[in-house]
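The values are calculated or read from the model by the stated rules, or taken from the named source; none is laboratory data. Small disclaimer: the values here were computed from a predicted structure and weren't measured. Ideal geometry is used to build each Cβ from the backbone, glycine not excepted, and the neighbour counts take in all protein chains shown. Remember, those area values only see protein heavy atoms, side chains included, never the ligands or the DNA or RNA. Shrake-Rupley method; radii C 1.70, N 1.55, O 1.52, S 1.80 Å.
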Amino acid sequence: MLGRVTHRLTSLAMCFALACDGAAPLDAGAVEDAGADAGLDTDAAPDAATSCAASAGAPLPEGLEVIAYHDGAGVATLDGQSWAVTSGGREHRLAEARAFEQARFAIDRPTRVHGFRVRWAIPTGTPPDALLEAGLYRDFGHNGFDMWRRAPYFAGTRCAGELDADGWVTYALDAPVTITQPGLVYVGHERAGEGSPSWYLDGSTDAPDGSCERFADCRASLNLPDLERMQYDGLSLAIPFDYLVELLVERTGAPPETTYFAPVPGLAAGSRVAFGDFDADGWDDFVTTGPRLYRNRRDGTFEDVTAASGIAALGASGDGVWGDYDNDGCLDLFVFAESMTERDRLLRSACDGTFVDVTEAAGIADATLREACGAVPEVRAPAAAAAWADFDGDGWLDLYVANFICWETGAGYVDHVWHNRGDGTFRDLVGQHGFDATRFTSRGVSAIDADRDGDVDLLVTRYRLQRNEYLENQGDGRFLARGAERGLAGVEARGYFGHTIGAAWGDLDNDGDFDCVQANLAHPRFFHFSDRTQVLLQDATGRFADNAGDWEALDLVAANGLRFSETHSVPALADFDRDGILDLVISAVYDGRPTEYYRGRGDGTFALDVLGAGLTETNGWGVALSDWDHDGDVDVAMRTLFTNRIESAGHWLSVRVIGNVAANRAAIGATVAVTAGGLTRLRHVQGGTGQGGQDSMYLHFGLGDAASVSAIEVTFPGGARVTYAGPLEADQHLWLLEDGAVHAGWSPP
């Protein structure tokens, strides 16, 4: 299929007629070869040279590099092609449509763009002084086929009479454009319709089947502004042939020899990763999609122990989150399945490295629903995420399961909420205590004491342009829905919100309260009403406000420093460089969509640093964080595991909290406040992140210049506050027990 379908929820039929099973051949006979004089009416404008002199542009420097993807031969243009697209119930011939022809270029290092060359096809009778306008444009969301037309880097004209003998003309920018971070730029122009000046296409394609399904295969695209007017920019689609367009650049820097993060060779993870020390040896292990379980060898490598642990024989399928639901000091695993046929399972640790399936005995039910989803006549609710939390502060971990969607119908499912009775069994709280029994398309859930009142609140992120829900704990296990009131529901426009996938919590401005980052998948076609990724800062009243500003007015870079990306998936916060300020990683879904890395500035804003980061994973999906090698900095997992090798003089502290009085043993839901150098920094113990993964329970604090810690305060679920007096040396790991004891070193007490 030549039309690129950017999301399975699209309502458009974007398939070229006659080309649904492969690339439609170009009709080379549709145009004549256009040399410098081909088709020009030389009598129409005798003063063409004079009237077009101003369009020549600045002189180009010598030795520019040419970036080009075409095969060198101009075969045809859109004129006369039989290609058509079905939209709005009608078939539209692309040859007749007004369209923006767009050529995409990938920039992978610091680059200065000086100009571009285009091979034009000029219709017969065109006067020599006819203006041929083209421009250099910003990328619109990194989807591969949309440029931001509203604010070009450069727009200029050349005359039809200026084409060389082969039909090429060069555009020199008025001033060079410097690109400092990897990304995309476009060269584009507006084609008025059939019989108007247009660009040549070559005759070969990199797409094996002409489908444009793979991001790298198709670099040319069309935007049809007069189709699908309900969309922000009309209809866009990729095409499998390349325009004869070339970018003229000067490389101003090379990719760094050493990046901040380096991939671990030979070790791949799935779309979700959850870190947890399942064998209680002081070193983080992890579980990933399958589930597959990897034990930390304590030397920076991991061993697959899926079979040895017994997990493989239990028949569980999906992803997992860790929690010690029976308070025996050994982490248990809840496996949730984003599947219509596989059920969720609870696996209890036997405290010897093996697990037992206790789903039935615990009363965890993922009942078969008497409804159809596509070819599946009876389905189980597909779970996209889960999180452990002690809802009522009784010292026993409860469980929230976020159920997702039937793609064929768009229907959502009721979430599961399991209350731990303390005897190894659970009861479902849906429809009680403030837990809604309405069907939603929930995508993630995260539990945190967001208001720091001693009990655990819940944020449920939702998809399909639905509002997110923030459930505020009333202190007795009852919850009130206060997403809109607190500013965490998203921004409503035309009755829609966003496609929120993951969320991350942290004190971004070091003011003593938790802020929130919500990653939204935001299609350019819904740009006018769908939420973009939000950085939500909490104020003194407990309300959260986005600091993005006007994305459109700021040309797709928010006031907080984030750039617009169509498929943001999961954010993760950590002080990767140990300067005392939280940094941000955001993964992206879909082929070819890059991971973004932002350095925190300490005021809730960020600086993009993709070039230095080296987080090369595309379609990364989930993100999870851990200092798995105990070198004092935070490493990253997302399909690929990356070790942190940032050179930093900043100090650090690692903390593991243990409940041994009234709180749950794993202390999930606890808030830890570390004061050093006159500044207090916050972290919390996760029972699952906002999209089915889980960061380490070993909490990492970057301390900047502070070589010691003056005090630590831990608020345990249930409200108990325990202070651990300083001074305590930095650059070490501490175990903090609820009874006030402190144990130093990585070995468990």
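A compact table of results
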item	result
Residues of the range 265-286 satisfying the condition of being acidic (Asp, Glu), touching a Phe, Trp or Tyr at 6+ places or on another chain (Cβ under 6 Å) and touching a residue at least 60 places away in the same chain (Cβ under 8 Å)	284
Segments classed as strands (runs of 3 or more DSSP E), wholly inside the range 125-243, with at least 1 members that are open to solvent by 30 Å² or more (accessible area, probe 1.4 Å)	131-139, 154-159, 168-179, 183-191
Complete set of residues in the range 675-697 that are within 22 Å of residue 516 (Cβ to Cβ) and in a loop (DSSP other than H, G, I, E, B)	685, 686, 687, 688, 689, 690, 691, 692, 693, 695, 696, 697
Scan of the range 634-650 for residues that are surrounded by 24 or more Cβ atoms within 10 Å (Cβ to Cβ) and not aliphatic (A, V, I, L, M), ordered by number	635
So residue 495, is it surrounded by fewer than 23 Cβ atoms within 10 Å (Cβ to Cβ) and under 16 Å from the mean Cα position of the chain (by Cα)	no
Residue match in the range 571-581 (condition: within 18 Å of residue 622 (Cβ to Cβ), in contact (Cβ under 8 Å) with a residue 60 or more places away in the chain, open to solvent by less than 10 Å² (accessible area, probe 1.4 Å) and within 9 Å of the chain's Cα centre (by Cα))	yes
Those residues of the range 305-317 which are touching a strand residue (DSSP E or B) at 6+ places or on another chain (Cβ under 7 Å) and open to solvent by 10 Å² or more (accessible area, probe 1.4 Å), in sequence order	305, 306, 310, 314, 316
Hits in the range 694-736 - residues which are touching a Pro at 6+ places or on another chain (Cβ under 7 Å) and under 30 Å from residue 333 (Cβ atoms)	735
Selection count, the range 273-322, where residues are of a type in the set (Asp, Glu) and under 21 Å from residue 356 (Cβ atoms)	6
The listed residue being of a type in the set (A, V, I, L, M), within 28 Å of residue 357 (Cα to Cα), touching a residue at least 12 places away in the same chain (Cβ under 8 Å) and open to solvent by less than 10 Å² (accessible area, probe 1.4 Å), out of 460, 414	460
Members of the range 423-451 that are among the basic types (Lys, Arg), under 28 Å from the mean Cα position of the chain (by Cα) and surrounded by fewer than 22 Cβ atoms within 10 Å (Cβ to Cβ)	439
Every residue from the range 285-304 that is crowded, with 24+ Cβ neighbours inside 10 Å and either assigned to a loop (DSSP other than H, G, I, E, B) or under 22 Å from the mean Cα position of the chain (by Cα) (or both)	286, 287, 288, 291
Hey, residue 257 on the phi < 0 side of the Ramachandran plot, in a strand (DSSP E or B), open to solvent by 40 Å² or more (accessible area, probe 1.4 Å) and not aromatic (Phe, Trp, Tyr) or not	no
